[in-house]
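Everything below concerns the one structure shown next.
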């Protein structure tokens with residue numbers, strides 16, 4: 001699965017977030033570190049989401065725009 005990320009250079013290195021996953025972000029001293037860290041953050045985010053949905057009835061809706 002692929003996710004778009006927003007990568008920002010900072011004084012400390014790189015900050016990275018996933019606009020499609022609110023609250024999912026990470027950082028790293030180098031771009032490579034930040035990209036590796038955001039992959040871990042995405043996996044943890046999705047695992048937490050799946051746990052929250054475990055006992056819920058999940059449906060999908062279509063939105064036109």
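Please verify whether residue 14 is in a loop (DSSP other than H, G, I, E, B), surrounded by 10 or more Cβ atoms within 10 Å (Cβ to Cβ) and modelled with pLDDT of 95 or more, treating the condition exactly as stated.
So residue 14 fails the test.
Can you tell me which residue is farthest from residue 4 (Cα to Cα) among those in region 20-35 that are out of contact with any strand residue (DSSP E or B) (no Cβ under 6 Å at 6 or more places or on another chain) and exposed (fewer than 14 other Cβ atoms within 10 Å of the Cβ)? Among them, the one singled out is 30. Could you list all residues from region 29-45 that are in contact (Cβ under 8 Å) with a residue 12 or more places away in the chain and either under 12 Å from the mean Cα position of the chain (by Cα) or assigned to a helix (DSSP H, G or I) (or both)? Matches in region 29-45: 31, 33, 34, 35, 37, 38, 40, 41, 42, 45.
The values are calculated or read from the model by the stated rules, or taken from the named source; none is laboratory data. The shown structure was predicted, so the numbers you read here are calculated from the model rather than taken from an experiment. Positions of Cβ are generated from backbone atoms using ideal geometry, with glycine treated the same way; all protein chains shown enter the neighbour counts.
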